[in-house]
Amino acid sequence: MNAYISSVIENVKAKHQSEPEFIQTVEEVLSSLSPVMDAHPEYEKADILNRIVEPERMFTFRVVWTDDNGNVHTNIGYRCQFNGAIGPYKGGLRFQKNVCPSIIKFLGFEQIFKNALTGLPIGGGKGGADFDPTGRSEAEIMRFCQSFMSALYRYIGPNVDVPAGDMGVGSREIGYLFGQYRRLKGAWENGVLTGKGFTYGGSLTRPEATGYGAMYYLKEVLRHEGEDIKGKTIAVSGFGNVAWGICKKALQMGAKVITLSGPDGYILDEEGVSTSEEKVAYLLEMRSSNRNRVKDYADKFGVPFFEGEKPWGVKADVMMPAATQNDVGLESAKRIVANGIKYYIEVANMPTTNEALEFLKKQENMIVAPSKAVNAGGVGVSALEMAQNWEHLVWSAEEVDAQLHRMMENIVRTSAQAAEEYGLGYDLVAGANIAGFKKVAQAMYEQGIF
Ligand code: 2IT
């Protein structure tokens, strides 16, 4: 590995010992960049790497709210404005019990390169809170969101920083957050948030965009191998918004999603979740119930449920981990390989440990695609939502979908070309890191030292 890269990784490890997820993503991205750094000594001279691993700004804030029984709760809110070289900071808010600086920073770091890959002018950011929405009432969620935005609103804006949803934050939460922002600002600045409802500036196709984009990406990868998506079986982990979008597009494309998973286990539907609109729609119900259980699907449709297990041992053509970070470690990766999976398409942010990812990439008969490229259609359509808000107009679902489709084709092509250019062959993982990095690095370089 390039010596400068090794020294930056060592710096990050030494400085951020309590941030394992952040160290993990820094190692994963930077270890792809040797040929780029060798070819661009000016980036080292400007110390681009030590600069890019340090957020431009990151802050915490107190979020206090009262539950339905009158008990007062205090949570920590976060916003990490990681890199603004190519556009306003852009990235989701995650409300989950385990949210901490390491998780916010790993997500923010990934977001920089993902957003660059979309080809649209958006910088990288991320935020959230250690609030656990499980079992909370509608009124409690509204009060939490209002309190969260009261603390954050001064530091964001349509040209400054544009949050969106992530785990625990869907269109309902975005609605409450936007309502509070508007109330405090006294101005119609709906470009400040994306993933909004359709009555006040949300983009059609944004709810489906991450899953649709992942399926368009998969289609391109299959095309490269001379294969058709029709009739392919797909094992999916997770059962949230992204899994729903995958199922909806799979239904249109004639592919079969056969598993879903939750914290309680996984379900196996040999007939295919993606073969009936009723089944696909039921995913939304399971999510909005806040029960966080996938067994409900097995009970409703009479399919097998495997308690406490993950779907890594299931036979399928394609594996799409779409749940959360570090779901697939080395042992799980070995099971996936043993089952003859040919396409390992990451969808959730960093679903694979670095060790497992290395192992999967080494398999001769496997194609591995990285989440920061596969799931970029979500934030890509968020950028299209911002564009519509600036122009005060609304594009049709067909128009947004067509743009998303082109965007994903572009991401696959750009990633493949970037890897090819540096002699790495068809390496979509390294290619995504290189293509995303080069755009941001060049922008930082041209803007001077700071
Ligand atoms: O991980 C992600 O890219 C998101 N949660 C979506 C971010 C966005 O701004 O739409």
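The values are calculated or read from the model by the stated rules, or taken from the named source; none is laboratory data. Bear in mind that the values here come from a model prediction, so they are computed numbers and not experimental data. In this analysis, Cβ positions are derived from the backbone assuming ideal geometry, glycine residues included, and neighbour counts consider all displayed protein chains. We work out accessible area using only protein heavy atoms, side chains counted, and drop any ligands, DNA or RNA first. Shrake-Rupley method; radii C 1.70, N 1.55, O 1.52, S 1.80 Å.
Keeping the other protein chains in place, figure out the carbon and sulfur percent of the accessible area of the chain, with a 1.4 Å probe.
Carbon and sulfur atoms account for 49 percent of the accessible area of the chain.
Give the value in nm², to one decimal: projected area of the alpha carbon convex hull of the range 81-152, averaged over all directions.
For the range 81-152, the mean projected area of the Cα convex hull comes to 5.3 nm².
What does the accessible area per residue of the range 102-236 come to in Å², with a 1.4 Å probe and no ligands, DNA or RNA counted?
33
At 0.36 nm per residue, minus the direct Cα-Cα distance, what do K342 and S6 gain on full extension? Give it in nm, one decimal, please.
Stretched out fully, the K342 to S6 stretch lengthens by 117.7 nm.
In Å and from the alpha-carbon atoms only, list the Rg and Dmax of the range 306-352.
9.9, 26
So which of K105/K334; K219/K248; K105/K219; K126/K310; K126/K196; K334/K362 end up more than 20 Å apart, counting from Cα to Cα?
Among K105/K334; K219/K248; K105/K219; K126/K310; K126/K196; K334/K362, the Cα-Cα distance tops 20 Å for K105/K334; K105/K219; K126/K310.
Of all the Cα-Cα pairs you can form in the range 60-183, what percent are over 23 Å apart?
The answer is 27 percent, as a whole percent.
Given the -39500 (n - 2.57) contribution per DSSP H run of 4+ residues, what per-residue ellipticity at 222 nm results for the chain, rounded to the nearest 500 deg cm²/dmol?
Estimated from H runs of four or more residues: -15500 deg cm²/dmol.
What does the extension gain come out to for S171 and E421, with contour length at 0.36 nm per residue minus their alpha carbon separation?
85.9 nm
Filter the trypsin sites (Lys or Arg not before Pro) in the range 198-270 down to the DSSP loop ones having no more than 15 other Cβ atoms within 10 Å, then list what survives.
K230
Over the chain, what number does the Rg to Rh ratio reach, with both radii from the alpha-carbon atoms and Rh per Kirkwood?
Result: Rg/Rh = 0.95.
Starting from the Cα coordinates of the range 30-86, work out the convex hull volume and express it per residue in Å³.
Residue-normalised Cα hull volume stands at 122 Å³.
Using 7 Å Cα-to-Cβ label points, what is the R183/S288 separation (nm, one decimal)?
Between R183 and S288, the label points sit 2.2 nm apart.
Can I get the semi-axes of the range 116-192's equivalent ellipsoid? Compute them from the C-alpha gyration tensor as square roots of 5 times the eigenvalues, in angstrom, largest first.
In descending order, the three semi-axes are 22, 16, 10 Å.
By DSSP, what percent of the beta bridges with both residues in the chain are antiparallel, rounded to the nearest 5?
Taking every DSSP beta bridge within the chain, about 50 percent pair in antiparallel fashion.
Restricting attention to the alpha-carbon atoms of the range 347-420, what are Rg (one decimal) and Dmax (integer), both in Å?
Reported Rg and Dmax, both Å: 15.9, 50.
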